[in-house]
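A.B. asks: I'd like to ask you about the structure that follows.
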Amino acid sequence: MKLYGATGKLIKGQTLTTVPCPHCGNGVHGSFGILRYFHICRIPIFPLAKTVGLECVNCRWLLLDQQIPAALRTALTHRLFDRKSQLPIAEESLNGV
């Protein structure tokens, strides 16, 4: 049994049409966030890193953190990492299933 380590959680965001894809030129992207946190005995202790990203819907090209314009990156960080999404609980348990 692993007593400590780091685990990640994918947070899905909204579809955006503000940034053109550098690979194919398409303007539609899906946003997402990756929250990594430190755990002891599978109990989350504190967050380690928050990464935001955009994925082109057409060619699946990824834009991560520093590749996203600063103003959009800040807005995505505030939108994706609210208090509810930072809880390292499965989505099913949040919905009452």
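The values are calculated or read from the model by the stated rules, or taken from the named source; none is laboratory data. Everything numeric in this text was worked out from a predicted model, so none of it was measured. Quick reminder, even Gly has a Cβ in these numbers, built from the backbone with ideal geometry, and neighbours come from all protein chains shown. Just the protein is used for accessible areas: all its heavy atoms, side chains included, with ligands, DNA and RNA removed. Shrake-Rupley method; radii C 1.70, N 1.55, O 1.52, S 1.80 Å.
A.B. asks: Residue by residue through the stretch 37-55, note down the ones that are under 15 Å from the mean Cα position of the chain (by Cα) and surrounded by 14 or more Cβ atoms within 10 Å (Cβ to Cβ). First the steps, then the outcome.
C.D. replies: Within the stretch 37-55, the first condition is being under 15 Å from the mean Cα position of the chain (by Cα), and the residues that meet it are 37, 47-55.
Listed by number, the residues that qualify are Tyr37, Pro47, Lys50, Thr51, Val52, Gly53, Leu54, Glu55.
A.B. asks: How do the pairs read when you match residues in the stretch 11-35 that are in contact (Cβ under 8 Å) with a residue 60 or more places away in the chain with residues anywhere that are surrounded by 13 or more Cβ atoms within 10 Å (Cβ to Cβ) and not hydrophobic (A, V, I, L, M, F, W, C), using Cβ under 6 Å and keeping only pairs 6 or more apart or on different chains?
C.D. replies: Partner pairs satisfying both residue conditions: Ile11/Gly33; Ile11/Ser85; Gly13/Ser31; Gln14/Ser31.
A.B. asks: When the stretch 76-97 is examined, which residues are found to be open to solvent by 70 Å² or more (accessible area, probe 1.4 Å), assigned to a helix (DSSP H, G or I) and modelled with pLDDT of 70 or more?
C.D. replies: Listed by number, the residues that qualify are His78, Arg79.
A.B. asks: Taking the condition of being assigned to a strand (DSSP E or B) and not aliphatic (A, V, I, L, M), how many residues in the stretch 17-75 meet it?
C.D. replies: 17
A.B. asks: Output the residues belonging to the stretch 22-36 that are in contact with a helix residue (DSSP H, G or I) (Cβ under 7 Å, 6 or more places away or on another chain) and loosely packed, with under 12 Cβ neighbours inside 10 Å. Outline the logic, then answer.
C.D. replies: Step one: list which residues in the stretch 22-36 are in contact with a helix residue (DSSP H, G or I) (Cβ under 7 Å, 6 or more places away or on another chain), which gives 31, 33.
Correct list: empty.
Results for (1) at pLDDT 90 or above; (2) in contact with a strand residue (DSSP E or B) (Cβ under 8 Å, 6 or more places away or on another chain); (3) closer than 28 Å to Leu3 by Cα, shown as yes or no for each residue.
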| site | (1), (2), (3) |
| --- | --- |
| Phe38 | yes, yes, yes |
| Pro44 | no, yes, yes |
| Gly53 | yes, yes, no |
| Leu62 | yes, yes, no |
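A.B. asks: Would you please name the residue that is modelled with the lowest pLDDT, looking only at residues in the stretch 1-16 that are farther than 16 Å from Ala49 by Cβ and either among the aliphatic types (A, V, I, L, M) or surrounded by 13 or more Cβ atoms within 10 Å (Cβ to Cβ) (or both)?
C.D. replies: Met1
A.B. asks: Exactly one condition in (1) modelled with pLDDT under 90; (2) open to solvent by 60 Å² or more (accessible area, probe 1.4 Å); (3) among the aliphatic types (A, V, I, L, M) is false for Val19; which is it?
C.D. replies: The failed condition is (2).
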